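The structure under discussion appears below in the form of structure tokens.
Every read-out reported here was derived from the displayed coordinates using simple, explicitly stated rules and does not represent laboratory data. Because the structure is a prediction, the values reported are computed rather than measured. Using ideal geometry, Cβ is built from the backbone for each residue, glycine included, and neighbour counts are taken over all protein chains shown.
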Amino acid sequence: MLRLFSAASLLCVAQFFSLGATAEVRVLTSIKPLQLIAAAVQDGVGTPAVLLPPGASPHHYALRPSDVRRVREVDLVYWIGADLESFLPRVLASRDKPSVAMQSLAGLSLRHFGEEHDEHAGAHDEDSHQPDQSFDEHDHDHRPGTLDAHLWLLPANARVIAARMAADLASADPANAVRYQANLAAFAERLTALDQRLKSRLAALAGKPYFVFHEAYDYFEAAYGLKHAGVFSVASEVQPGARHVAAMRASLQAAGPTCVFSEPPLRPRLAQTLTAGLPVTLAELDAMGAGLPVDARGYEALLENLATVLAGCLEAL
């Protein structure tokens, strides 16, 4: 009988049971995408905090003493795992409260770099693609065979993450358990609707060539039938040699009219060199959700923004 209730009905029940509840579970996430998912689950009860400041890279962040104190003091910590935030395991080991590495959750669809058809990636891997051009000799975070930790960009994974958060919060704060479950149900309903909208919008873009400066979008691409044609992933402190630049530029010339996407906050200086005189449009894809409000619909806005930028550039080719 419970499955007959809509998310709206559950929310009304939750509001009734949460009257008078004052305790707020202190939630800290490592990165903003997890904060946005947590905000959907905590909506109306509390506001999750985030560890990394805007623009900081989870690959290379250095914890400050104030960060260490925050990690140790909060009630719940959510992070992706050692494959992304390698700076966190040591401080998390000193916590006496729960910490959850999302990459270890059962039910996730996981991908690995350099594998076109990951055995854990589910039904989205049915489409076959030509191997992309990779120019990532300086990017040691994305070695072939290592886990692609940008797992939040697959809506199905966001559902798994949100379900775990709702269960943890209900256990830590029983007075608001019904509210957390209602928020989870509403989040799942909205994701279903968003997923259908994005599939409809992006379906016509399959096969259109584009290049990225960071191999962060494979989960999103797998969900919506897209595939980047190449990766120009070179560390900012290392300037590629003339032969390397020539090879990247030749790949762009062969593609014809195309898009090249970098990540905010900085566009690589190499971008102008590579694209000068070519029919290439430069744009930015933000996998971290910088600038988005931390509210119940923030995660959906992150996915919608990716689709809007991709479509806006590729539809004009």
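A compact table of results
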quantity: Sparsely packed trypsin sites (Lys or Arg not before Pro) within the stretch 222-317, loop by DSSP, other Cβ within 10 Å at most 13; calculated: 269
quantity: In nm, spacing of pseudo-spin labels at residue 146 and residue 242 (7 Å Cα→C-beta vector); calculated: 3.2 nm
quantity: Computed magnitude of the charge dipole of the stretch 183-248 (debye, nearest 20; Cβ of K, R +1, Cβ of D, E -1); calculated: 300 debye
quantity: Sites residue 282 and residue 197, calculated FRET efficiency, Cβ-Cβ separation with R0 35 Å, nearest 0.05; calculated: 0.85
quantity: Förster radius 25 Å - calculated FRET efficiency between residue 189 and residue 75 (Cβ-Cβ, nearest 0.05); calculated: 0.35
quantity: Relative contact order %, the stretch 194-317, counting alpha carbon pairs below 8 Å whose residues are six or more apart; calculated: 27 percent
quantity: Positive-end extreme of charge dipole, the stretch 223-317 - chosen from 317, 298, 246 (charges on Cβ); calculated: 246
quantity: Residue order, fewest to most beta carbons within 10 Å, for 248, 165; calculated: 248, 165
quantity: Cα-centred dipole magnitude for the stretch 170-317, charges only on beta-carbon of K, R (+1) and D, E (-1), debye, nearest 20; calculated: 440 debye
quantity: Qualifying lysines (Cα of each under 24 Å from Cα of residue 199; at least 8 residues distant if same chain); calculated: 208, 227
quantity: Lys, Arg +1 and Asp, Glu -1 on Cβ, resulting dipole of the stretch 49-114 about Cα centre, debye, nearest 20; calculated: 120 debye
quantity: log₁₀ of I(q)/I(0) at q = 0.18, 0.22, 0.30 Å⁻¹ - the stretch 48-99, Debye sum with one point per alpha carbon; calculated: -0.54, -0.83, -1.56
quantity: q = 0.14, 0.23, 0.26 Å⁻¹: log10 I(q)/I(0) that the Debye formula gives for the stretch 188-261, counting C-alpha atoms only; calculated: -0.56, -1.07, -1.22
quantity: Alpha-carbon spread of the stretch 182-317, three principal axes, descending order, Å; calculated: 57, 32, 20
quantity: Qualifying GluC sites (Glu not before Pro) for the stretch 165-267 [loop in DSSP, other Cβ within 10 Å: at most 15]; calculated: 237
quantity: Cβ crowding within 10 Å averaged over residues, with 105-115, 64-74 ranked highest first; calculated: 105-115, 64-74
